[in-house]
Structures are given as C-alpha cells and as structure tokens.
C-alpha cells in the first residue's frame, strides 16, 4: 500500500477536525514529499538537524507546511529550533520556556508552544507531572513571545485499556487548562493508539509507522 493510500484510509476513519501530524523521524525526503503530496502539511521532527536538512530542500514550500518539534529539545539547540519550527510541542520546564522566549525575542518572532505532560509519571520520560501544570501555564502566559496553544503527551507503553485511562486524564487536564488560558490543541495518540486518543479528545495525532510503513533498520 502506498503512502497516499495509507493516508486516505486514516482520513476516512477520523473526524474532520482532527489534524494528522506525520512523525518524520529518520524518514527520507522522498517519503516526506509523498506525505505532503497526499495532503498532510503538518510535519513533526524529533531532531532539529533533521528538520534543518528537510527545510533546505527547494521543493519544500514553507508557506504550506507547518513544522512541529515533537522530540526533546536540548538547551544548545533552542536558538536554531526557534528559527525553523512553527510549534514546539515539548515544553517541560519554565527554564526551557524562558530560553525559547528569549531566543524568539531576539528574532522578533512569536512562536507557538505546547506543554508536554508526563501523564504516567514515568521516570525515564520527559514532561511535567500533571500537578505542576497549572503553575507552569500561568508563568508561560507572561512570556511575551510565546503563544501557549496546547498540551502534548507521549503516553506509556502499555495496553490500550490502561492507555485510554491516561488519555481521559489528559482530556480532563486539557479542559482544566482551558479555564486558565485559551488553548486549542490536545496532541496525543500514535500509530497504535490514535483512535482511542481521538475518542478521548485528541485533535492532533502524531503518526509515523502507519503512514510511512515499518522503518528500515
């Protein structure tokens, strides 16, 4: 099945308000172009350098696509990331938010950000714990060059029933956060979990394998 056919099948089965983000980690440019040609204009990258390489290609129309940082952002990559990404989905501390705001000010850019939630409190994963969310939201609101627009979570590697319960908790956090600040996006759900994520409130799903096929090792 081609990438175009896979995307068509996904779109047939999801509500029209849900945005599909193609997770482009380690994918070759020819496959990324197939994704864009199939109508997906929301592209996610885990690494700053991969996004830089993609955007250097003259075939990429920067007026059409929106590029999201969906991996952990290292401090030494902040300035570069602010220049090239439309949205950074992985804010996990006030310090990182302040660093991004400072870099955005230097180039007179207002940048969209999401707060990453470690919903299952896994020690090996990034993201803030749910109980720290409200405080961070209120502090980010005061950073002039950041537009806080959403929440994001990876979710634990577990069975779908347990995962669905975490998605429910994320939706509750999303609604609670909307009482503090006007946010629009709940980014959660991947290739093996996007349908229950949508059912529990996700309006951005981050899909890699189900779009691109199994990664060649």
Q. Quick one: would you say residue 93 is farther than 29 Å from residue 129 by Cβ, surrounded by fewer than 17 Cβ atoms within 10 Å (Cβ to Cβ) and under 17 Å from the mean Cα position of the chain (by Cα)?
A. no
Q: Counting only residues that are within 27 Å of residue 2 (Cα to Cα), give me the helices (runs of 4 or more DSSP H) lying completely in the stretch 116-217 with at least 3 of them.
A: 194-199, 209-212
Q) Identify, please: which residue in the stretch 117-136 is touching a residue at least 40 places away in the same chain (Cβ under 8 Å) and farther than 21 Å from residue 74 by Cβ and is, among those, surrounded by the most Cβ atoms within 10 Å (Cβ to Cβ)? A) 119
Q) Any chance the stretch 182-198 includes a residue that's touching a residue at least 24 places away in the same chain (Cβ under 8 Å), surrounded by fewer than 16 Cβ atoms within 10 Å (Cβ to Cβ) and in contact with a helix residue (DSSP H, G or I) (Cβ under 6 Å, 6 or more places away or on another chain)? A) no
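This table checks each residue for (1) buried (at least 21 other Cβ atoms within 10 Å of the Cβ); (2) touching a helix residue (DSSP H, G or I) at 6+ places or on another chain (Cβ under 8 Å).
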{"residue": "109", "(1), (2)": "no, yes"}
{"residue": "138", "(1), (2)": "no, no"}
{"residue": "147", "(1), (2)": "no, no"}
{"residue": "151", "(1), (2)": "yes, yes"}
{"residue": "155", "(1), (2)": "yes, yes"}
{"residue": "160", "(1), (2)": "no, yes"}
{"residue": "171", "(1), (2)": "no, no"}
Q.
Can you tell me which residue is surrounded by the most Cβ atoms within 10 Å (Cβ to Cβ) among those in the stretch 199-214 that are touching a helix residue (DSSP H, G or I) at 6+ places or on another chain (Cβ under 7 Å) and without any contact (Cβ under 8 Å) to a residue 40 or more places away in the chain?
A. 200
Q: Please work out if residue 178 is modelled with pLDDT under 95, over 24 Å from residue 27 (Cα atoms) and surrounded by fewer than 18 Cβ atoms within 10 Å (Cβ to Cβ).
A: no
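The values are calculated or read from the model by the stated rules, or taken from the named source; none is laboratory data. Quantities reported herein were computed from a predicted structural model and do not represent experimental measurements. For neighbour counting, all protein chains shown are included, and Cβ atoms are generated from backbone atoms with ideal geometry for every residue, glycine included.
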